[in-house]
Structure formats: C-alpha cells, structure tokens
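Presented below is the structure to which this report refers.
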Amino acid sequence: MLDRYGVLWYWEEFINAHLECGLRFDKLITIKKTQYCYVGYFTVNDPTLYGQLIVTFKRNNFKSSEPLLWKRTGSLLMNYLGEGDRLIYDNRKEFDWVFQKIEGNGFQ
C-alpha cells in the first residue's frame, strides 16, 4: 500500500499527464495537509498560471482531483494559508507574485 507521504512522489508525473497545450509542472509552492487530504500548489511553465491539486485519502486508497489551473493574478488562495494550517511544505516566500500587494486593494 502506498503511504500518504509516498504519494507526493507521484504528483509531478500525474500533473504532467493531465496538463494540455504543452503545459508542464515547474516547481512546488506549498502543500497543506488536513486529516484526510493534501492540497498542493505548484507553478507550470506558463508565467501567468499556477496550479492546485487535491489528493484525498480513504481507508486503503487515495483519489486525486485533476490539476486545476488559476491565473497568478488570482493567487488569493495561497494568501490565506496560515498558522492554523498544517503546511508540510511551504516555499511561498520564493514566489514574489504570491503576496503581491495592489495599492488600495490589499492583497491580490
């Protein structure tokens, strides 16, 4: 049986198999863990997009969503990951667009 941490090694291959139009996994940004799932955010080889993947665990197996792509200007999802979340990997500080501040509008 594949353990919960072991599934992380399959993410890149899985993501690339489901992306279209020449898009490819680039870098991992952050992974949030809850009791039964991981939510991972990653970049792709298009500087205007980033992706999200949700892996949910059941008793003896796991199920993954297809990768969802979002525009980087809508990176608000990652701004709300905080101290109450269990982040098993967090490299958001390496991506300046995640916490971009828009004058008069707060965080983007």
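The values are calculated or read from the model by the stated rules, or taken from the named source; none is laboratory data. What you are looking at is a predicted structure, and each value in this text was computed from that prediction instead of being measured. Positions of Cβ are backbone-derived with ideal geometry, glycine not excepted, and every protein chain shown enters the neighbour counts.
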Inside region 80-103, can you point out the residues that are modelled with pLDDT of 80 or more and assigned to a strand (DSSP E or B)?
Arg86, Leu87, Ile88, Tyr89, Asp90
Hey, could you check region 22-65 for residues that are at pLDDT 90 or above and more than 12 Å from the chain's Cα centre (by Cα) and say which is nearest to Trp11 (Cα to Cα)?
Arg24
Residue list for region 20-79, filter: in a loop (DSSP other than H, G, I, E, B) and acidic (Asp, Glu)
Glu20, Asp46, Glu66
I'm checking my understanding of the structure. Among residues of region 3-21 that are at pLDDT 85 or above and closer than 21 Å to Val98 by Cβ, which one is surrounded by the most Cβ atoms within 10 Å (Cβ to Cβ)?
Ile15
Residues being farther than 20 Å from Arg92 by Cα, touching a strand residue (DSSP E or B) at 6+ places or on another chain (Cβ under 6 Å) and among the charged types (D, E, K, R) - total across region 23-68:
1
